[in-house]
Amino acid sequence: MVRFKTKEQQQMVLNNGHLLFDNKPVIIKEWGPDVALIKHDVKKVPIWMKLYGLEVKFWGPGSLRKISEEVGRFIRYDDATTNRRFFGFARVLIEVTIGQEFPKDIIFQDELGVTQMVMVDYDWLPLPCSKCKGIGHEETLCRKSDAPKPVKKVWRPK
Ligand SMILES: [Zn+2]
């Protein structure tokens, strides 16, 4: 939980809606007595997606949006993509649903009807864990899986 110094500061962060910390999304909600801090609550998260092998003509916002929406809702692309500083890949922020499919490549048709393929990589994937109901790891990597079972309480008459 984070306490803000001013109401304006708080509103600024809340209005922004999404925030990434160490490339992992941080879910922001205004705290109130009825805000349940339940993990199941979270269904959609923003993640960074990298697009490789994209022809330079598809680096415009329109094309990036269209391509990204094959996977999730387009939010924005990063500054390095805008400035074309790195031509290795374009990086876009998209909103995805936890547990959805994350393709390794996207196939689309360009304005001439030519089939294009881009390879996709993700900084982080919101994989649902059936063990702890958390996100970001699979069952096999769940830290809770090795946790000792709670000791059974035995009722004894006094
Ligand atoms: Zn887990």
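The values are calculated or read from the model by the stated rules, or taken from the named source; none is laboratory data. Computed from a predicted model, the values in this text were never measured in an experiment. Neighbour counts are summed over all protein chains in view; Cβ atoms, including those assigned to glycine, are modelled from backbone coordinates with ideal geometry.
Within 16 Å of the ligand (Cβ to nearest atom) and loosely packed, with under 15 Cβ neighbours inside 10 Å: does that describe Glu69?
no
For (1) more than 14 Å from Ile67 (Cβ to Cβ); (2) surrounded by 14 or more Cβ atoms within 10 Å (Cβ to Cβ); (3) out of contact with any Gly (no Cβ under 6 Å at 6 or more places or on another chain), each residue gets a yes or a no:
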{"residue": "Glu95", "(1), (2), (3)": "yes, yes, no"}
{"residue": "Leu112", "(1), (2), (3)": "yes, no, yes"}
{"residue": "Gln116", "(1), (2), (3)": "no, yes, yes"}
{"residue": "Val120", "(1), (2), (3)": "no, yes, yes"}
{"residue": "Cys129", "(1), (2), (3)": "yes, yes, yes"}
{"residue": "Glu138", "(1), (2), (3)": "yes, no, yes"}
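Starting from segment 132-144, keep only residues that are over 18 Å from Thr97 (Cα atoms) and among the acidic types (Asp, Glu), then list their pairs with residues that are at pLDDT below 80 and more than 6 Å from the ligand (Cβ to nearest atom) whose Cβ atoms are within a distance under 8 Å, requiring at least 6 positions of separation or different chains.
Glu139/Ser145
Quick one: count up the residues across segment 102-121 that are part of a loop (DSSP other than H, G, I, E, B), more than 16 Å from Lys50 (Cα to Cα) and either small (Gly, Ala, Ser) or out of contact with any helix residue (DSSP H, G or I) (no Cβ under 8 Å at 6 or more places or on another chain) (or both).
4
In segment 122-134, how many are within 16 Å of the ligand (Cβ to nearest atom) and either within 14 Å of Gly53 (Cα to Cα) or assigned to a strand (DSSP E or B) (or both)?
1
Could you tell me which numbered condition Arg143 fails, if it satisfies all but one of (1) within 12 Å of the ligand (Cβ to nearest atom); (2) at pLDDT 90 or above; (3) among the basic types (Lys, Arg)?
(2)
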